[in-house]
Each structure stands twice: as structure tokens, then as C-alpha cells.
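Here is the structure we will look at.
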Amino acid sequence: MAAGSAEERLLNLIIALMHARVRMTKDEIRARVAGYEREDSSWDEETAKRRKATFERMFERDKDALRKLGIPVVTVRSQAHGDDIGYRIDPSQAALPPLDFTPAESAVVALAADYWRGAALGADASQAWVKASSQIAHGQVDELPFATTSSRLSDAAAALVEAIQLRQEVAFDYASASSGDARRRVQPWKILLSRGADYLVGLDLDRVAPRTFRLSRVASDVRVTGEPGAYEVPGTLPSGLTHSSDVAGEALIAVRPETAHALRAAGTDAGTDGDWDLVRVPYAHRDDLRDQVLALGGAARVIEPEGLKDEVLGFARAAVEVCRGS
Amino acid sequence: MAADRAVSRVTRLLGIVEYLETHGATPFSELAAHFGVTVTQIEADLFLLWVSGQPGYSHGDLVDFDGSAFEQQIADVTNAQGLRQVSYSPREAAALMGALAALVATGAAPDAAQSALAKLTAAVGSVGVEVVDVPEVNAVIKDALDTSISARNAVEITYVDAQQRRTVRVVEPHRLVAIDGAGYLECYCLRADDYRTLRLDRIESARAADVMVTHPPASTLGFSLHSSFTATVRITRAGRWAVEDLPNAQLEIDGDEVVAHFPVADQEWIAGRLLAIAPHLRSVTPESLRAAVEARAEDVLAAHAV
């Protein structure tokens with residue numbers, strides 16, 4: 001067979017493995033599938049060995065390409081032939097299920113595929129869109145008065161999403177407000193998307209306990225450190241980890257009249273203190289409330305807890321020092 | 001990489017077969033438009049399919065097309081040799097469903113995002129991305145905005161801005177957008193007499209106003225604020241999160257520190273964000289931004305000195 005392109009060979013390999021009655025061994029694939037170089041009886045031993053090694057490398061690359069394509073290749077070991085391995089593709093297992101997207105759904109799936117543009121999952125997302133659009137009739141995609149862009153969805157999120165899928169342990173540097181950067185080793189379970197803040201929930205392998213991490217504070221690349229399928233993700237997450245149900249404390253904040261409406265909306269009225277209105281605000285993450293108070297400039301004053309007040313003052317003093325010093 | 005190019009072309013080849021099996025004979029030009037490639041590329045793809053097949057590779061073993069239709073530049077597959085599009089790889093599923101989940105989480109996405117995600121989840125299983133605590137972009141406000149956008153009607157809204165000032169304004173709504181995980185309304189604000197991008201969860205009420213939309217949508221996606229200068233900030237690595245997601249930020253790593261350059265459109269907002277990482281700040285330029293950060297910090301100190 002003439003040496004065609006890699007895609008021609010892959011296509012022939014896919015068809016051959018789909019039609020294999022039981023399985024095809026590597027030798028059968030080499031001898032029968034178009035695109036691979038067949039063994040030639042006129043080769044000397046040296047050449048035959050070299051060509052076989054070339055074939056083996058090519059076949060490994062092709063198996064990898066099939067995996068990237070999302071095609072499950074079944075390996076079948078034959079008892080009659082000792083240890084040799086054969087391969088097969090189950091067409092019904094490999095096929096894209098019919099999804100019957102409405103024109104509005106098609107439009108939003110196209111947008112979703114564009115969401116990771118420029119990020120690590122960008123190429124995968126556009127592949128996914130080609131697959132989805134294989135079933136969508138041309139022109140049957142709505143125009144939506146809706147658009148999306150993201151600069152936030154980081155490579156870290158992409159790596160974690162894949163690690164969760166494959167159940168692989170990961171390691172990354174994490175910027176913690178209290179202890180600075182530290183290396184964390186985690187079995188990732190789930191990513192929680194919550195009001196513009198994304199969280200990773202997983203088992204912290206050093207603390208041997210479930211933890212929540214803010215994705216925005218992952219300060220390094222996410223490195224995959226474990227083998228696939230190394231652990232099970234619990235069916236239900238331990239309570240207290242999900243952001244929504246987690247109230248860590250309550251603060252009493254004085255706010256200027258006609259300001260701080262978001263704090264007022266999140267809290268309850270607690271009377272007045274001179275010119276100031278008092279609001280009692282429950283919070284899940286003290287960092288978030290501290291940032292809100294700082295963002296209000298002089299329009300908000302923390303009364304309690306004392307720790308939050310100290311943090312706010314510490315931040316303000318640090319800022320003054322840097323701005324005067326630099 | 002050659003391997004990735006091969007993977008992407010095979011995905012399209014399988015897509016073409018799936019499309020023809022689902023929708024019947026199709027002109028080359030329509031396939032080209034549908035898959036976003038040239039007609040020449042579609043022809044090359046079809047020729048490649050035509051010579052592919054089962055081992056043996058004699059006539060009945062090959063993928064086959066109707067020859068006379070082919071001459072009319074119409075693809076009509078008569079024997080696909082069992083080829084169909086294949087399901088999503090783990091990364092593809094994660095990319096698609098993760099993005100849909102992120103859009104749903106903004107509260108701005110059309111209902112179709114939720115139903116498309118449900119169909120994908122039913123077909124290929126969950127991918128470990130979950131939306132919690134969806135912002136209360138309440139349905140009444142979103143419905144009012146959706147209706148006004150399609151009717152090309154202005155709306156009167158009550159809005160609480162980033163400095164938490166409440167205003168009532170009439171805006172011409174153009175579209176809803178999701179930017180970095182939050183939902184926004186792109187509109188022309190008649191009060192400011194300029195384009196604005198307003199956060200949906202800061203809109204407290206919305207009702208149709210008796211004014212037609214007259215200003216065209218802004219052509220650019222996202223914040224329509226124009227940047228007025230470029231800031232340079234040096235911070236320790238632990239504070240990096242506060243600057244790396246700013247639009248068009250450029251980061252240089254310098255040992256344990258990071259130098260970030262980014263365009264500033266709203267100085268007050270940037271000053272607030274820098275204050276939130278004050279212990280990690282090392283230097284701020286230009287002088288005007290430094291003064292804004294300092295003034296804000298002094299205000300915080302003064303408020304607590306009561």
C-alpha cells in the first residue's frame with residue numbers, strides 16, 4: 001500500500017476495527033489495513049527488524065490518536081494464542097448519541113465551544129463543536145441576543161476538569177491568605193461554579209481531609225501526579241464544603257446612609273449608630289467580606305468581629321505604606 | 001502538531017458522513033459553510049472518504065457516493081461502511097459541559113443552556129462541574145430584559161453600581177453577556193448618554209419604558225469602557241490572582257514577585273481591587289493610581305477611627 005496521509009490511515013483503521021469479526025491483532029492490522037507498510041519477504045533480517053519497529057511506533061501513535069478522537073478501542077486477549085492482544089471498536093459504543101438539539105440549544109452549545117478560546121481546552125472545545133454540529137441541520141442555529149467571553153477560565157481550571165474526569169491526583173501552589181504560597185496535593189472531586197468565584201472541592205492529601213480551594217488562588221500550573229482511576233469521587237459531598245450552605249460567621253457593619261446597598265441586601269437591619277446605619281451580615285468567606293468593606297472606601301466600618309476589623313485596618317495601613325514609600 | 005491536525009480532520013470526515021446520513025444529499029457549498037472550511041477542502045475530504053474502506057478495498061468494501069450527484073457538486077453517500085460520528089472524548093465533554101455550566105452559573109444564559117446541558121449529561125454522563133448558588137438574577141427582571149431586547153424597547157431599571165450607589169435610569173438593552181462568570185446587560189444608557197455594561201445581579205428592578213431602541217449595539221463584546229492609561233503594579237506571587245484576570249493584563253514573573261501591566265478604564269474600581277491585596281503590593285504606578293489607592297485606604301482608616 002502506498003503511504004497515504006495519517007488521516008487516511010486512521011480512517012481505514014477505524015473502519016477495519018469496526019468490521020473486525022472478533023478482533024484484529026497488530027500483525028493482521030499491519031498486513032491488511034491500508035496505510036501501513038506490509039512485511040516484504042525480500043527484506044534482510046536487519047531491515048525487517050527496523051521496519052517492524054517503525055510500524056510499532058506508528059501504531060502506538062495511531063492508538064493515541066483514536067483515544068484523542070474519543071473512540072474506545074476494546075482490547076481482546078486470545079486464550080488460544082497465549083498472550084497476544086487483538087483490537088476491536090464496538091460501533092454502538094463509539095457512536096455519538098443523537099442529541100436532537102433545538103436551534104436555541106445549538107446556538108448556546110456553539111457559544112460554549114467558543115468559551116475556552118485560547119485556553120488549554122480550546123482545541124477540545126472546537127472538536128466537540130464539530131461533533132455536535134455533525135447532527136445539526138445547516139441553518140438550524142438560532143441567533144441569540146447573548147454572548148460570552150472569559151479571561152478568567154484558566155489553564156488551571158482546564159487541567160482540573162480533565163483530572164476529575166480521569167480521577168487523577170494533582171499538585172499545585174495555592175495562595176492562602178493566612179499562610180502564603182504552599183504546595184497542595186489533592187484528589188480533585190468537583191468544580192463548583194458560584195457567582196463568579198470558582199471552587200475546587202477535593203481531598204487534601206496532606207491534611208487527609210476534604211477541602212475547598214478558590215481556583216483564582218491557584219498560583220502555579222496544575223501538575224497531574226497520579227495514575228488515572230486512582231480513587232473514587234464520593235457520591236455526595238461532605239456538608240459544609242459547598243459554598244452556598246456554608247455560613248462561617250456574622251459581622252456587624254456600620255454603613256453610611258444611601259450607600260452599601262449590596263451589603264444591606266445580603267444582611268439584616270440592626271438599627272443605627274449616630275450617622276451610621278447598622279447591618280448584620282452573614283458571610284461564608286471572611287476574605288470576601290473584607291474585600292467588600294475595603295471596596296467601599298470610607299462608607300463602611302466593621303464593628304465586629306474584631307478579627308475582620310483588624311484585617312481591614314491592616315490592609316489599609318499596608319496600602320498607605322506602599323503608596324507613600326514607592 | 002501533525003497528530004492533532006489528523007485528529008481534527010478525521011473528526012470532520014466523520015462529521016461529514018454523519019451529516020449526510022442524517023440529512024441526506026447535500027451540496028458541497030453547504031457542507032463547506034456548515035463545517036467552516038472551503039469547498040476545495042470539502043472536495044478533498046470527500047475524495048479521501050471515497051477511497052477509504054474495509055480491508056480488501058475492492059469496490060463493495062469502500063465508502064461510496066452517488067457519482068452523478070457528485071458531478072453536480074452534491075454529496076450523497078450510498079455506502080458509509082458503518083462510519084458515524086464518534087462520541088465526545090473526556091476532555092471534549094469536560095470542555096463543552098464545563099462551559100455550559102459556567103454560562104448557567106452567570107444567571108444570564110438563555111434557558112436553552114440549561115436544557116442543552118441536561119441533554120448532554122443524560123447522553124454522556126456528568127463531568128464533575130457543578131453550579132451552586134446561582135446569582136439571584138431574578139426571573140422577573142431577566143424576563144423583562146429578554147422581552148424588551150426582542151421587542152427593541154427601552155427599559156427603566158434601578159441599578160446599584162460598584163460603589164453601591166443606587167440610581168434609576170432608562171437604558172436601551174442590546175443583549176445579555178456572560179463575562180468571567182458574571183452576567184451583564186449591554187445597553188445604551190440614556191442617563192449617561194453612552195454605552196454601558198451593567199451587572200445583572202445589581203439590577204434591582206426592570207420595567208418596560210415607552211421608548212424605542214434607537215442606538216445600535218456596540219460592536220465590541222464586553223466592557224465598553226475605554227481605557228485611559230496603562231498601570232504597572234509589582235506584587236508578591238500570592239497576590240497575583242487580583243491582577244491576572246484583568247482584561248489584557250500582561251504578567252512578568254520576577255522571582256517571588258510578579259510585575260503586571262494592564263489598561264485601566266475605571267481607576268476607582270482598580271484602586272479597590274489593589275486595596276484587597278494590599279499586604280502583597282510592592283509598588284504602584286502611575287502616580288494618579290497610587291494616589292487613588294492611598295486615598296481609599298485613608299478613607300477606610302478614617303471611618304474606623306470613629
Inset, instruction - Can you work out which of the residues in the range B:26-38 that are part of a helix (DSSP H, G or I) and surrounded by fewer than 17 Cβ atoms within 10 Å (Cβ to Cβ) is farthest from the other protein chains (Cβ to nearest Cβ)? - result: B:Ser29
Inset, instruction - Select from the range B:47-102 the residues that are among the acidic types (Asp, Glu) and without any contact (Cβ under 8 Å) to a residue 40 or more places away in the chain and write down the one among them that is nearest to A:Leu160 (Cα to Cα). - result: B:Glu92
Legend entry - Residues (of a type in the set (A, V, I, L, M), in a strand (DSSP E or B) and open to solvent by 20 Å² or more (accessible area, probe 1.4 Å)) located in the range A:180-227: A:Ala182, A:Leu203, A:Ala209, A:Val224
Inset, instruction - Specify the residue that is least open to solvent (accessible area, probe 1.4 Å); the eligible residues are those in the range A:284-298 that are among the small types (Gly, Ala, Ser) and facing chain B (nearest Cβ under 7 Å). - result: A:Gly297
Legend entry - A:Asp27 being assigned to a helix (DSSP H, G or I) and touching a Leu at 6+ places or on another chain (Cβ under 9 Å): no
Inset, instruction - Name, by its number, the condition in (1) at positive phi; (2) at the interface with chain A (Cβ under 10 Å from one of its Cβ atoms) that does not hold for B:His23. - result: (1)
Legend entry - Residues of the range B:252-266 satisfying the condition of being among the aliphatic types (A, V, I, L, M) and open to solvent by less than 60 Å² (accessible area, probe 1.4 Å): B:Val258, B:Val259, B:Ala260, B:Val264, B:Ala265
Inset, instruction - Please state which of the following conditions B:Tyr188 fails to meet, knowing it meets all the rest: (1) open to solvent by 10 Å² or more (accessible area, probe 1.4 Å); (2) facing chain A (nearest Cβ under 9 Å); (3) modelled with pLDDT of 85 or more. - result: (2)
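Per-residue answers, yes or no, for (1) among the hydroxyl-bearing types (Ser, Thr, Tyr); (2) surrounded by 14 or more Cβ atoms within 10 Å (Cβ to Cβ); (3) within 9 Å of another protein chain (Cβ to nearest Cβ):
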| site | (1), (2), (3) |
| --- | --- |
| A:Pro257 | no, no, no |
| A:Ala260 | no, yes, yes |
| A:Thr268 | yes, no, no |
| A:Gly271 | no, no, no |
| A:Pro282 | no, no, no |
| A:Glu306 | no, no, no |
| A:Leu313 | no, yes, yes |
| A:Glu321 | no, yes, yes |
Inset, instruction - Quick one: which helices (runs of 4 or more DSSP H) lie wholly within the range A:53-139 and hold at least 3 residues that are open to solvent by less than 30 Å² (accessible area, probe 1.4 Å) and at pLDDT 90 or above? - result: A:103-114, A:122-133
Inset, instruction - Answer yes or no: is there a residue in the range A:228-244 that is assigned to a strand (DSSP E or B) and open to solvent by less than 70 Å² (accessible area, probe 1.4 Å). - result: no
Inset, instruction - Please specify each residue of the range B:191-202 satisfying the condition of being open to solvent by less than 10 Å² (accessible area, probe 1.4 Å) and part of a strand (DSSP E or B). - result: B:Leu198
Legend entry - Failed item, numbered, when A:Arg38 is tested on (1) open to solvent by less than 60 Å² (accessible area, probe 1.4 Å); (2) in contact with a helix residue (DSSP H, G or I) (Cβ under 6 Å, 6 or more places away or on another chain); (3) farther than 19 Å from B:Glu18 by Cβ; (4) in a loop (DSSP other than H, G, I, E, B): (1)
Inset, instruction - Output yes when any residue across the range B:267-275 is surrounded by 22 or more Cβ atoms within 10 Å (Cβ to Cβ), among the basic types (Lys, Arg) and within 9 Å of chain A (Cβ to nearest Cβ), and no when none is. - result: no
Legend entry - Residue selected from the range B:276-304 under the condition more than 7 Å from every other protein chain (Cβ to nearest Cβ) and part of a helix (DSSP H, G or I), by the criterion surrounded by the fewest Cβ atoms within 10 Å (Cβ to Cβ): B:Glu287
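The values are calculated or read from the model by the stated rules, or taken from the named source; none is laboratory data. Just so it is clear, the model here is predicted, and its values are computed rather than measured. Backbone-built Cβ (ideal geometry, glycine too); neighbour counts: all protein chains shown. With ligands, DNA and RNA removed, areas are computed over all heavy atoms of the protein, side chains included. Shrake-Rupley method; radii C 1.70, N 1.55, O 1.52, S 1.80 Å.
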